[in-house]
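**Q** Can you keep this structure in mind? I'll have questions shortly.
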């Protein structure tokens, strides 16, 4: 579409322009769990990985009496076969996660009503990993994405120590969960690598922790540091986590001019029998974000919260602190009905000054459904916003829409992390 300076004359014209522009604007996917092909087995793709997604595993346990231990003892392909049979053949795949698999299969020209996975497995077996990754990003309209990178993961660190990736469509984010949430384990790993740290955060722990982060920042060149925090996260307090934040993480953000991404609200392993599928959601205390922003106004924070009940309070807090950039609808919030509500609320309270969505994808092929679905919801929310603006008496142009779409889908994040 050629951008026109002329105002759009009708609600229908606004809706059509918004749909076309949002549908064609390239996305920067600022938070995923994907890996570049150079990371080998960490780069998850294909039908067996799609079906063994933890959302679908949780659904399986709702319809099957299989014992947890028996399930986890099954080969991965057998697990995928069981999920396909129970959730896609015996039942209509109506959940959002199940519909996502249907969208992927349809997009790849595969039969979503197939009685088994023979056709899908043959299709994926014929794909070259590198070419397939490029094609999926192009089909999803993703310009480039940000991985989640843990320097204390031995499988991942080997790749980084060998050079990492030079693929410009995959950027790094340095994950701090092990350091901030399970310090005793992280402390042991750091000691084994030659860092003089202690569990009680005494002695040279801050200096050595900074040395560790400095080395990995130089190696990964991350766009931001990131941590997923529990719903009972408090700042400040006398905990080891607060001491590590103040002594290591926040100084590193200031020194390297890196934003800190805070993802708050998870309750880990409420059902440990389900492993990754066993996490849940809790309401967070947004006042801790206010206190962190007040104490460290020079640290730019990307922030998202997991509880639906926290969303309005987050918008209000972001209005008070320019160092906060809300982003996306994370994890359990990534359902169309909730995404629509949150996006509209943020547009009403923050204008176009947030990052509208991220995929949170763990399997490459999920991009083929997460972004088309998100674009549709974003377009609906923006259409309502622009129709209201036009009704108020301010004409809306295609250039208005195009500028806001770029801000929400790419430019706000790029500017925040200095990747413009």
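Every number in this text was worked out from the coordinates using simple rules, so none of it is lab data. Since we're looking at a predicted model, the values are computed, not measured. Here the Cβ positions follow ideal geometry from the backbone for every residue, glycine too, while neighbour counts run over all protein chains shown.
**Q** Using only the Cα atoms of the range 52-157, build the gyration tensor, take square roots of its eigenvalues as a ≥ b ≥ c, and label the shape rounded, prolate or oblate: rounded if a/c is under 1.5, else prolate if a/b is larger than b/c, else oblate.
**A** The shape class here is oblate.
**Q** Using 0.36 nm per residue of separation minus the Cα-Cα distance, give me the extension gain between residue 111 and residue 273 in nm, one decimal.
**A** Extra length from residue 111 to residue 273 when fully extended: 55.0 nm.
**Q** Follow-up question, since we're still on this one. Using 0.36 nm per residue, how much length does the chain from residue 168 to residue 135 gain when fully extended, once their Cα-Cα distance is taken away?
**A** 10.4 nm
**Q** Can you bin the range 156-258 into rounded, prolate or oblate? Criterion: square roots of the alpha carbon gyration tensor eigenvalues sorted a ≥ b ≥ c, rounded for a/c under 1.5, prolate for a/b above b/c, oblate for the rest.
**A** Working: a/c = 1.83, a/b = 1.42, b/c = 1.29.
Taking the square roots of the gyration eigenvalues as a ≥ b ≥ c, the range 156-258 is prolate.
**Q** May I ask you to order 364-373, 65-74 by the average number of other C-beta atoms within 10 Å around their residues, highest value first?
**A** Descending mean neighbour count gives 364-373, 65-74.
**Q** To continue, here is another question. Given the range 179-329, what percent of its DSSP beta bridges are antiparallel, to the nearest 5?
**A** Taking every DSSP beta bridge with both residues in the range 179-329, the antiparallel ones total about 10 percent.
**Q** Students often get this wrong: which residues of the range 233-255 have the backbone nitrogen under 16 Å from the point 7 angstrom along Cα-to-C-beta of residue 207?
**A** Answer for the range 233-255: 247-248.
**Q** Right, next: Stretched out fully, how many nm does the piece from residue 320 to residue 6 gain, at 0.36 nm a residue minus the Cα gap? Write out the running numbers ahead of the final one.
**A** Details: separation 314, 0.36 × 314 = 113.04 nm, distance 3.53 nm.
Additional length available on full extension: 109.5 nm.
**Q** Beyond 32 Å, how much of the Cα-Cα pair distribution for the chain remains, as a whole percent?
**A** 40
**Q** Given a Förster distance of 22 angstrom, what is the FRET efficiency for residue 143 paired with residue 16, based on the Cβ-Cβ distance and rounded to 0.05?
**A** Computed FRET efficiency for residue 143 and residue 16 comes out at 0.40.
**Q** Oh, and also: By count of other Cβ within 10 Å, fewest leading, how are 118, 353, 32 ordered?
**A** Taking fewest neighbouring Cβ atoms as first place, the list is 118, 353, 32.
**Q** Still on this structure: Rounded to the nearest 0.05, what FRET efficiency do residue 254 and residue 89 have when you use their Cβ-Cβ distance and R0 = 56 Å?
**A** Efficiency, from the Cβ-Cβ distance: 0.55.
**Q** Could you work out the relative contact order of the range 234-371, using alpha carbon pairs under 8 angstrom and six or more residues apart, expressed as a whole percent?
**A** In percent, rounded to a whole number, it is 19.
**Q** Can you tell me how the range 20-102 classifies by the Cα gyration tensor, rounded, prolate or oblate, using a/c under 1.5 as the rounded cut?
**A** Since a/c reaches 1.5 but b/c is at least a/b, the shape of the range 20-102 is classed as oblate.
**Q** Okay, next question. Assuming R0 = 30 Å, can you tell me the calculated FRET efficiency for the pair residue 155 and residue 353, based on Cβ-Cβ distance, to the nearest 0.05?
**A** With R0 = 30 Å, the Cβ-Cβ based efficiency is 0.20.
**Q** Nearest-5 percent of antiparallel DSSP beta bridges in the chain?
**A** On the way: 3 of 26 bridges.
Once the DSSP bridges in the chain are tallied, antiparallel ones form about 10 percent.
**Q** Sticking with this structure for a sec: With a 10 Å Cβ neighbour count serving as the proxy for reagent exposure, in which order, fewest first, do 238, 384, 255 appear?
**A** Listing 238, 384, 255 from fewest to most nearby Cβ atoms yields 238, 255, 384.
**Q** Tell me, 147, 349 in order of fewest to most beta-carbon neighbours within 10 Å?
**A** In increasing order of surrounding Cβ atoms, one gets 349, 147.
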